[in-house]
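The values are calculated or read from the model by the stated rules, or taken from the named source; none is laboratory data. What you see is a predicted model, and the numbers here were worked out from it, not measured in a lab. When we count neighbours, we look across all protein chains shown, and the Cβ atoms used for this are built from the backbone with ideal geometry, even at glycine. Heads up: the accessible areas ignore ligands, DNA and RNA and are worked out on the full protein's heavy atoms, side chains in. Shrake-Rupley method; radii C 1.70, N 1.55, O 1.52, S 1.80 Å.
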Amino acid sequence: MMPAVRVHDVQPGDDLFTYLARTGGDEVRRRQLIGAANEFKEGDAALGLAAADLASRTAARRLLATTPVGRIAAAPLFRDELWHALAAGLDPRAAAHVAGWSMGQLKTFVLGADEADVHALLPGLASDVVACLVKLMSDAELVALGARLFHPLPGSRLGARGYLGARIQPNSPTDHPDDIRWQVLAGFSYAVGDVVLGTNPVSSDPRSVAAVEAALWDILVGFGLQDTLPHCVLAHIDVQAEVEAAAPGTTGIWFQSIAGSDDANATFGLDLAGLRRHARARTGRWGLYFETGQGADFTNGHGKGVDMVVHEARKYGLARLLRADIADARRRLGLDPAPWVHVNDVAGFIGPEVFRTREQLVRCCLEDIAMAKLHGLMIGLDVCATLHMDIGLDDLDWCLDRIAPACPGYLMALPTKNDPMLGYLTTAFQDHVRLRERFGTRVDDRMWAVFRDRLGVVDERGRPTRHFGDPVWVHLQLCRARGDARPADVIAGEGRAALAAVRARGVAIGEGHGDRPWDLPPALDAEVRSLYADARDSLRAEWHPEFVARIPAARVLRTRARDRDEYILHPTTGEALEPAALAALHVLKDSWSGRHDTVLVVSDGLNARALMDDDHLFPFLDVLAPELRAAGLALAPDVFVLAGGRVRAGYAVGAALFAGLPGPRRLIHVIGERPGTMHHAFSVYLTAAPGAAWAEPRAIDHDITRVISGVADTAYSPAAAAREAVEMLLNMSRSTCSQ
């Protein structure tokens, strides 16, 4: 942990810049002072930007509050192409109007002026100004701000005052269409799902993405909802564009994770020009859907010595910029320029290295709601927690009760709090039912009419009917809408059999409810809590010596993580190899004399059981080795087994063995995924690059790596994953050679 920031000797009348001039501070010190104004978070502490104590935090905020808005806007903490584009996109009149105000005056204005007057100034607020502004606010003030600014999506009440929407997230461990379909039907049975049907795909192969798009589209067409509710497969935007080009009209709203700097976006394989080209092409009904989250920048090595709130604010600035590009493109075509664009803040997905407690999660969500709304955006939240944070199932209810009054536009919605594919905690359908009851919020009017009049799961007063929580009933209505005239009991029996098959694949779907409409059925509640307990144990699992002994030619290496606690709380220690391991690899490289072009690494990751379970790793290896030989690839005889290994530790192995060698060199990294599902799944990370690239620091990263996830004997079979890995690796190698 880096040293904390101490702030003292602040004189009356000091602002940030006069204080720095008087005390001899430099740019590093300015970043520290701005970071110290934040509420404490683990991520800022790791960067050396957290205040040492309350007095230092208070002093840093006092300096910020007296600093002119214009000086903050004109002196960014770092400059890159994105910052210049954001600055150029500001409304100059609105920016000039507030430039002479102090940050404290701006805070008073946004909290007290008429909403219309605040809206008029938002286009002139630089992202860095917005970041500094929320640092000055208490949690209560952030709630108050969120509750007075609204930016509903065009032609809807989504994001409007009094409404709380839902993105159904029907993830499947195997991208199975029935898993996806039945989760949507279950959501509809609880009168949930009005913003987007958005699936995180296991495979990013365009064929697989197209199949998932088709499963979602089929539901929308069946119910006649194509112009009411978009669908989305959360693959890379280039993949979505490829699917759309191959089958025009089959994709809905397009998704992309975005970052707050050019370098961090490059980790996603993005550049600003490419993003803006995609935005200008989105002139149809549905535009773009972005995901953000504090901490992604610095955990990917692009923190730039700047705190997480500033990076997050620039993400909203990028979303605002791309929304303006869509509006401009629509205007040029003579269309209504209002674009369908929203952003989802995935708060808590990274882990305890970003923030660790429920209080920090709430603070992050409140900051991000405020920052997005101050950028004029409709924002939803994935109020989530990984299973290695100090946040449990019941803690999420506590968090939601404190976040909902800030009026996010929507929340995630899954059959339970546990995602069956990603293995993290988030909001369930029942959470929406509870929050609607407690806070009096509503579903978008168009979908509410569907839930009430078409499906009959709620009555005229909004109370549950006998069909509430009955996905088989919704399945029957879908079949009827398609013209299926078979007897109802036949269709229902077919539905119950399909639903049982979905559950057998590890996708928990409830029917009915407990004593209250928002309670999970008791049996399902017990199942979810059992999975949570298993996940907590799995996080602590380490390699069994007898398992490692069974791996052919296993060569055990250690990372810099000294123990499991350090590995979990300080992930960078699991990304670098200890010196003895690096030395051993360099000796091995010399002995190989370049004979081997492919290396296999096996890491425990966040769940060593994912590899140690029966019928997981060894069926994968049994198929992988002969397939590689048949493809003409020279697999190294050693299997490198990493203790305390993360994805980038595999890159370190590849760099040690491949740097400077001729021709394409390939890494296959098998690693345990986050626990939290019945599958104990693992992932396969594939990287192919010339030896020269392996020699360059940071040239090998996630942007050139492809992944196969959800591999388990109960999910995507290890043998099938091995065959797909070889096929993908060959395609990647051909691409590498052609560059």
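Assorted remarks:
- For region 49-207, the fraction of alpha-carbon pairs in successive 10 Å shells from zero, as %: 9, 26, 24, 21, 16, 3
- Length available on full extension from A526 to R22: 0.36 nm per residue minus the Cα-Cα distance, which gives 175.3 nm.
- Computed P(r) (all Cα pairs; the chain; 10 Å bins; percent): 3, 14, 24, 26, 20, 11, 3, 0, 0
- Taking only the alpha carbons of region 486-533, we obtain Rg and Dmax values of 13.3, 44 Å in that order.
- Solvent-accessible surface of region 310-405, averaged per residue with a 1.4 angstrom probe and all protein chains in place: 23 square angstrom.
- Scaled against 2.2 N^0.38 Å for its residue count N, the alpha carbon radius of gyration of region 209-285 is 1.19.
- Were the residues from R6 through T58 laid out at 0.36 nm apart, the gain over their Cα-Cα distance would be 17.7 nm.
- Remark: region 187-241 carries 23 Å² of accessible area per residue (probe radius 1.4 Å; ligands, DNA and RNA excluded).
- Probe 1.4 Å, accessible area per residue of region 413-486, Å²: 39 Å²
- 15 Å beta-carbon shell around V623, net charge (K/R +1, D/E -1): -4
- Between H97 and D227, the simple spin-label model (points 7 angstrom out along Cα→Cβ) gives 3.6 nm.
- 5 Å-binned pair-distance histogram of region 598-677 (Cα, whole percent): 3, 14, 24, 23, 19, 11, 4, 1, 0
- Above 21 Å, the calculated P(r) of region 154-267 contains 39 percent of its Cα-Cα pairs.
- A Förster radius of 35 Å combined with the Cβ-Cβ distance from A120 to D397 puts the calculated FRET efficiency at roughly 0.40.
- Fraction of antiparallel bridges per DSSP, the chain only, in percent to nearest 5: 30 percent
- Cα-based Rg and Dmax for region 538-600, where Dmax is the largest Cα-Cα distance (Å): 14.1, 40
- Cα gyration tensor shape of region 569-620, rounded if a/c is under 1.5, else prolate or oblate by comparing a/b with b/c: oblate
- Kirkwood-based Rg to Rh ratio, region 101-140, C-alpha trace: 0.93
- Note on A492 and A247: the model spin-label points, each 7 Å out from Cα along the C-beta direction, lie 3.3 nm apart.
- Region 548-575 versus region 650-690: alpha-carbon centroid distance in Å: 14 Å
- For region 608-730, the alpha carbon positions stretch 42, 31, 24 Å along the principal axes, listed from largest to smallest.
- Local net charge near D271, Cβ-Cβ under 12 Å (Lys/Arg +1, Asp/Glu -1): -4
- Three-way shape call for region 550-693 based on the alpha-carbon gyration tensor, with the a/c threshold at 1.5: oblate
- Net length gained if the chain between R280 and A85 were fully extended (0.36 nm per residue, minus Cα distance): 68.7 nm
- Summary of the geometry: region 598-649 and region 304-361, compared by the centres of their Cα atoms, lie 37 Å apart.
- Inter-label distance, nm, simple model (7 Å from Cα along the C-beta direction), L588/R734: 3.0 nm
- The distance separating the Cα centre of region 1-56 from that of region 143-222 comes to 41 Å.
- Members of K41/K315; K41/K373; K135/K417 lying beyond 24 Å, as alpha-carbon distances in this model show: K135/K417
- A692/A576 FRET efficiency (R0 25 Å; Cβ-Cβ; nearest 0.05): 0.70
- Residue-count net charge about A580 - beta-carbon cut-off 12 Å; Lys, Arg +1, Asp, Glu -1: +1
- Taking a ≥ b ≥ c as the square roots of the eigenvalues of the Cα gyration tensor, region 1-89 is oblate, since a/c reaches 1.5 or more and a/b is not larger than b/c.
- Rounded to the nearest 0.05, the FRET efficiency derived from the C-beta distance between I704 and D614 at R0 = 22 Å is 0.05.
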